[in-house]
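Only one structure is covered here, and it is reproduced in the block below.
Where a number appears in this text, it was derived from the coordinates with a stated rule and is not lab data. These numbers come from a predicted model, not from an experiment. Here the Cβ positions follow ideal geometry from the backbone for every residue, glycine too, while neighbour counts run over all protein chains shown.
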Amino acid sequence: MNDKPEKLIDKKGLRLDGRKADELRPVKLEVGVISNADGSAYIEHGKNKILAAVYGPREVHPKHLALQDRTVVKCRYHMAPFSVQERKSPAPSRREVELSKMIRESLEPAIFMEYYPRTMIDVFIEVLQADGGTRCASITAAALALADSGIPMRDLVVACAAGKIDNTVVLDLMDTEDKVGSADVPVALMPNLNAVTLLQMDGNLTREEFETAVNMALDGCRKIYAMQKEALKTKYVNVGEEIKEEAED
Amino acid sequence: MAQIITRVKQKQITQMIDNEKRMDGRGLRDYREMKIEQGLIERAEGSARVLLGKTEVVVGVKIEMGEPFPDTPNEGVLTVNAELTPIASPIFEAGPPDEDSIELARIVDRGIRESKAIDTEKLVIEPGKKVFVVFVDVYVLNHDGNLIDTSALAAVAALLNTKMANYEVKEGEVKIKPGYEKLPINKRPITVTIAKIGNKLIVDPLLEEEQIMDARISMAIDDDGHICAIQKGGSGYFEPNQLLEASKIVEQKAKEIRKKLNW
Amino acid sequence: MPILLERKQLVTPGDLIAEGEYIAGENTFAENNKIYAARVGIVEYENKRVDVVALKAFYIPRAGDIVIGTITEVGFNGWTVNINSPYVALLRASDVLSRPFKPQKDDLPQVLDAGDLVVAKIVSYDRTHDPQLTVAEPGLGKITRGQIVKITPTKIPRLIGRKGSMISMIKQETGCNIILGLNGVILVTGKTLEDEQLALRAIFKIEQESHTSGLTDRITQMLREEKSKREENKK
C-alpha cells in the first residue's frame with residue numbers, strides 16, 4: 001500500500017521531484033533503434049521508457065480490410081507486465097484499447113493517407129516502464145518512428161500533458177501527481193500546422209484553468225518538438241562529421 | 001466505422017454548414033429534440049431511455065454486492081459498459097466490444113466518475129470487504145449520430161432513477177430489508193459534443209455530419225459549470241483557438257440543457 | 001520571390017522550405033503558396049523546383065522501371081513477386097513462357113519457384129491494381145548467381161552518379177557486372193567472391209555517405225587501396 005503524499009507542491013513552489021510548476025521532466029530521444037522495423041524510436045520521458053516501431057506501408061492482412069483510396073493505419077499501444085508497480089496482465093486492457101485508438105487518431109492527421117491506397121501502416125508501441133504521461137510519450141516516439149520509416153508526413157506530432165495539483169496548474173504530471181492531483185490534460189500537437197490532434201482531460205477544472213492548462217501543454221509540446229528534430233537530424237550529422245574527421249587525418 | 005457517403009452529399013452538407021445551416025434545418029448550435037424516459041425496465045434497479053433526434057440509447061443500472069478496489073477500500077465501485085448492438089446500425093457487428101464501444105463506455109464512465117456524480121462512500125457495506133457495485137450498461141438501439149451525448153444523458157438519467165435495496169448487516173451477514181433507497185447522487189454531469197466541419201463548429205452532429213467531420217470534441221460539465229472530462233475524437237484536428245471556442249459553446253449548452261431538464 | 005532555406009539544409013517533415021512562386025518537387029508538398037518538407041532529407045533547388053533528397057524512402061512502382069524481385073508464391077497462372085515495395089507484384093505465366101499458359105502441361109514451379117530471384121521490368125501500375133511485371137526482354141529473367149544487396153531506393157541515383165560515372169567506375173575497378181534495380185535491390189556478379197564483396201563495400205559506403213561531397217574520389221581511392229592490400233597479402 002502506498003501512502004498518499006499530503007502536499008504535491010511545497011511552499012517554495014517545488015514539486016515532489018524538485019521541479020517547478022512549468023518544468024518538463026528530462027526527455028531523451030533516439031531514432032532507428034530496431035533494425036527490423038521500417039522505422040523506430042525510443043523515448044525516455046521522466047521515468048517513462050517507451051519503444052515505438054513502424055512497419056509499412058505494406059500489404060493489408062486480412063485483405064478485406066484494405067481501403068481502395070487510402071492506407072489503413074493500425075496502432076497498438078501495449079504495456080509490458082513489468083512496466084507498472086503491480087504486475088499488469090499481458091492481455092490488452094480496455095484502457096489500452098482506448099489509448100490505441102486515441103494514439104492512432106493523433107497520428108493519422110500527419111500522414112498522407114491518400115498516397116498509398118490498399119496498404120497498411122502498423123504502429124506498435126511498447127511501454128517498458130510507466131510513470132505518468134505514457135500516451136504523450138508514446139505519440140512523440142511514434143511520430144519519430146513514422147518519420148524514420150520514410151513515410152511522407154505533413155508534420156511531426158508531439159505530445160505533452162499539463163494538469164492541476166494542489167490548486168496549481170502544472171506541466172507534465174508524473175504518476176503520483178496524476179493519481180493524487182485534480183486534473184490531467186494530455187495534448188498532442190502538429191507544431192508547424194499548429195493543429196491539436198489529441199486532447200483529453202479528466203478531473204475538475206474551470207474553463208479558465210482549462211485554457212491555462214492547454215496553453216502550458218502546448219508550450220511543453222513545442223519544447224519537445226525541438227528535441228524530436230534533433231533526434232532525426234543526428235543520424236545525418238554524425239556521418240558527415242565522421243567523414244570530415246577522416247579527411248583531416 | 002466507415003459507411004460510404006456520396007461526394008455529392010458531402011459537398012451539400014459542407015456548403016450548408018458554411019452558410020450556417022444544417023440538413024435538418026437546425027442552426028449550428030442547436031440540439032435535436034431530446035426525449036427522456038425513466039424506469040422503463042422494471043427488472044433493472046434503474047433505467048432510462050433517451051431519444052436525441054432519431055438516436056436512441058437505453059441504459060440499465062444493476063446493483064450487486066462485491067469487493068472494493070484495493071486502493072479505494074472505502075468506496076463503492078462503478079463500472080460502465082457499452083454495446084453498439086447490431087440492431088442500431090448496418091455497420092455494427094455482433095461480438096466482443098470493439099474500440100468504438102470501449103471508447104464510448106470509457107467516455108461515459110469518466111463523465112460520471114470525475115464529476116463524482118455518485119456518492120461512492122455511501123455505497124460501503126463493510127469497509128474494505130463489501131461494497132455495492134454499480135453496473136451501468138449502455139445499449140445503443142439506433143445510431144443517427146452523437147452516441148456520446150445520448151449515452152451520457154441516458155446513463156445519468158438511469159442513475160437518477162436507480163433504487164437500491166435496503167439492507168442490514170447481522171452477525172456478519174448481509175440481510176435484505178423491505179423498502180428501497182435512492183442511489184446517492186451528488187452531481188448531474190452533462191456532456192456536450194461538438195464536431196468540426198470545414199472551419200465551423202456544430203453541436204450534436206447527425207450521423208451524416210459525423211461521416212464527413214474532421215474531428216469531434218466532447219466535454220462533460222458538472223453542476224458547478226466545471227469541466228470534468230474531455231475527449232477529442234476522429235482523425236482530424238482542432239486549432240487551439242477552436243478548442244477554447246468549443247469550451248465556451250459547451251458551457252453555454254450545458255447550462256441550457258441543465259435548465260431544461262431541471263437538473 | 002523569397003527563398004527561405006538554403007541548399008543542403010537538413011529538414012524534417014513539416015519544415016517550411018520556400019514561399020512564393022516555386023514548384024513542389026520530390027518529397028515536398030505545397031499549401032497556400034508555401035512548400036513544406038514531407039520527409040527527412042536535404043533541400044535542393046533546380047530552377048524553380050524545390051526537392052528534398054530523402055534520407056529514407058520506399059519504392060513505389062513506376063511503369064518502365066527495372067527491378068529485382070524475389071518470387072514469394074507460385075499461383076495457378078503466375079507468380080507473386082516481392083519487389084521491396086509496399087505493393088506486391090505479379091508475373092504472369094504467359095509472360096515467362098512467351099505463349100498462352102496451359103495448366104495441364106506447364107509445371108510452374110519448374111520454371112520459377114518460391115525463393116528464385118528475377119530481374120524484371122514493370123509493365124503497368126496504377127492506384128487500383130498491383131504492379132505487373134515482364135521478363136520477356138533481353139537482360140531480364142531468372143538470376144542464377146551473384147550477390148544481392150538492398151539499399152534505400154532514394155540512393156540509387158547517387159550510386160549511378162552523374163552520367164553513370166560512379167557505377168561505371170565501380171564496375172571497372174572491381175571487374176563486376178552490376179544490375180541496379182530501381183527498387184533498391186542490386187545484383188553484383190563478379191569473377192571472384194572477393195571482387196563481389198569489394199563492390200558491395202563500395203555500395204554500402206555510398207549509401208552511408210550519399211549526402212557528402214567528394215564521394216566518387218573517396219570511393220575510387222578506397223577500392224584502389226583495398227585492391228593493393230589484396231595484392232600485398234598474396235605475396
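Yes or no: region A:164-173 includes at least one residue that is farther than 15 Å from A:GLY133 by Cα and not in a strand (DSSP E or B). Within region A:164-173 (the criterion being farther than 15 Å from A:GLY133 by Cα and not in a strand (DSSP E or B)), the answer is yes, since at least one residue qualifies. When the residues of region C:19-34 are filtered to those that are within 14 Å of chain A (Cβ to nearest Cβ) and in contact with a Lys or Arg (Cβ under 9 Å, 6 or more places away or on another chain), the one that is surrounded by the fewest Cβ atoms within 10 Å (Cβ to Cβ) is C:GLU31. Scanning region B:113-120 turns up no residue that is part of a strand (DSSP E or B), surrounded by fewer than 19 Cβ atoms within 10 Å (Cβ to Cβ) and among the hydrophobic types (A, V, I, L, M, F, W, C). Scanning region C:35-51 for residues that are in contact with a Phe, Trp or Tyr (Cβ under 9 Å, 6 or more places away or on another chain) and not β-branched (Val, Ile, Thr), which turns out nearest to the other protein chains (Cβ to nearest Cβ)? My answer is C:ALA38. Of all residues in region A:186-200, exactly one satisfies the criterion of being surrounded by fewer than 22 Cβ atoms within 10 Å (Cβ to Cβ) and within 7 Å of chain B (Cβ to nearest Cβ), namely A:ASN194.
May I ask you to verify whether A:ILE111 is of a type in the set (Val, Ile, Thr), within 24 Å of C:VAL40 (Cα to Cα) and within 12 Å of chain C (Cβ to nearest Cβ)? Yes.
Here A:GLY18 meets the list (1) at negative phi; (2) outside any strand (DSSP E or B) almost entirely, failing just condition (1).
Rundown of residues vs (1) of a type outside the set (Val, Ile, Thr); (2) closer than 24 Å to B:VAL134 by Cβ; (3) touching a residue at least 12 places away in the same chain (Cβ under 8 Å), yes/no style:
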{"residue": "B:ALA154", "(1), (2), (3)": "yes, yes, yes"}
{"residue": "B:LYS163", "(1), (2), (3)": "yes, yes, yes"}
{"residue": "B:GLU168", "(1), (2), (3)": "yes, yes, no"}
{"residue": "B:VAL174", "(1), (2), (3)": "no, yes, yes"}
{"residue": "B:TYR180", "(1), (2), (3)": "yes, yes, yes"}
{"residue": "B:ILE185", "(1), (2), (3)": "no, yes, yes"}
{"residue": "B:ILE190", "(1), (2), (3)": "no, yes, yes"}
{"residue": "B:ILE194", "(1), (2), (3)": "no, no, yes"}
{"residue": "B:GLY198", "(1), (2), (3)": "yes, no, yes"}
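Considering region C:16-55, the residues that are assigned to a loop (DSSP other than H, G, I, E, B) and over 27 Å from the mean Cα position of the chain (by Cα) include one that is farthest from A:LEU232 (Cα to Cα), namely C:GLU21. Taking C:PHE58 as the residue in question, decide whether it is in a loop (DSSP other than H, G, I, E, B) and crowded, with 17+ Cβ neighbours inside 10 Å. In short, yes.
Among the residues of this structure, C:LEU5 does not count as one that is over 23 Å from C:THR128 (Cβ atoms) and either touching a Leu at 6+ places or on another chain (Cβ under 7 Å) or without any contact (Cβ under 8 Å) to a residue 12 or more places away in the chain (or both). From the list C:LEU108, C:LEU90, the lone residue that is under 23 Å from the mean Cα position of the chain (by Cα) and of a type outside the set (Phe, Trp, Tyr) is C:LEU90. With the structure loaded, tell me whether B:ALA105 is away from chain A (no Cβ under 12 Å), closer than 26 Å to B:GLY234 by Cβ and not charged (D, E, K, R) or whether it fails that test. Taking the combined requirement at face value, the residue does not satisfy it. Residues in region C:68-81 that are within 11 Å of another protein chain (Cβ to nearest Cβ) and either over 22 Å from A:ILE121 (Cα atoms) or buried (at least 16 other Cβ atoms within 10 Å of the Cβ) (or both): C:THR80 only. Checking each residue in region B:220-242 for being closer than 14 Å to B:LYS196 by Cα and either part of a loop (DSSP other than H, G, I, E, B) or more than 7 Å from chain A (Cβ to nearest Cβ) (or both) picks out B:GLY234, B:SER235, B:GLY236, B:TYR237, B:GLU239, B:ASN241, B:GLN242.
Checking B:GLU256, B:GLU209, B:GLU245, B:GLU251 one by one, the residue that is at the interface with another protein chain (Cβ under 8 Å from one of its Cβ atoms) and either part of a helix (DSSP H, G or I) or aromatic (Phe, Trp, Tyr) (or both) is B:GLU251 and no other. Across region C:42-55, the qualifying residues are those that are touching a residue at least 40 places away in the same chain (Cβ under 8 Å) and of a type outside the set (Phe, Trp, Tyr), and the one among them that is surrounded by the most Cβ atoms within 10 Å (Cβ to Cβ) is C:VAL52. Listed by first and then second residue, the pairs linking a residue in region A:201-212 that is at the interface with chain B (Cβ under 7 Å from one of its Cβ atoms) to a residue that is small (Gly, Ala, Ser) and outside any strand (DSSP E or B), with Cβ atoms under 7 Å apart and 6 or more places separating them unless they lie on different chains, are A:GLY203/A:SER182; A:ASN204/A:SER182; A:LEU205/A:ALA213; A:ARG207/B:SER247; A:PHE210/B:SER247.
The single condition among (1) within 30 Å of C:VAL52 (Cβ to Cβ); (2) out of contact with any Gly (no Cβ under 7 Å at 6 or more places or on another chain) that A:THR168 does not satisfy is (1).
For every residue, the table says whether it meets (1) loosely packed, with under 14 Cβ neighbours inside 10 Å; (2) part of a strand (DSSP E or B); (3) within 14 Å of the chain's Cα centre (by Cα).
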| position | (1), (2), (3) |
| --- | --- |
| B:ASP137 | no, yes, yes |
| B:ALA155 | no, no, yes |
| B:MET164 | no, yes, no |
| B:TYR167 | no, yes, no |
| B:THR191 | no, yes, yes |
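For region A:42-68, the tally of residues that are under 24 Å from A:ALA145 (Cα atoms), within 14 Å of chain C (Cβ to nearest Cβ) and outside any strand (DSSP E or B) stands at 4. Picking from residues in region A:151-163 that are touching a residue at least 60 places away in the same chain (Cβ under 8 Å) and assigned to a strand (DSSP E or B), the one that is farthest from the other protein chains (Cβ to nearest Cβ) is A:CYS160. Return the residue satisfying two criteria in turn: it lies in region C:87-125 and is over 18 Å from C:ILE179 (Cα atoms) and touching an Asp or Glu at 6+ places or on another chain (Cβ under 7 Å), and of such residues it is surrounded by the fewest Cβ atoms within 10 Å (Cβ to Cβ). Filtering first and then ranking leaves C:ALA114.
Residue by residue, here is whether (1) buried (at least 19 other Cβ atoms within 10 Å of the Cβ); (2) assigned to a helix (DSSP H, G or I) holds:
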{"position": "A:GLN85", "(1), (2)": "no, no"}
{"position": "A:PRO90", "(1), (2)": "no, no"}
{"position": "A:ARG104", "(1), (2)": "yes, yes"}
{"position": "A:VAL127", "(1), (2)": "yes, no"}
{"position": "A:ALA141", "(1), (2)": "yes, yes"}
{"position": "A:LEU144", "(1), (2)": "yes, yes"}
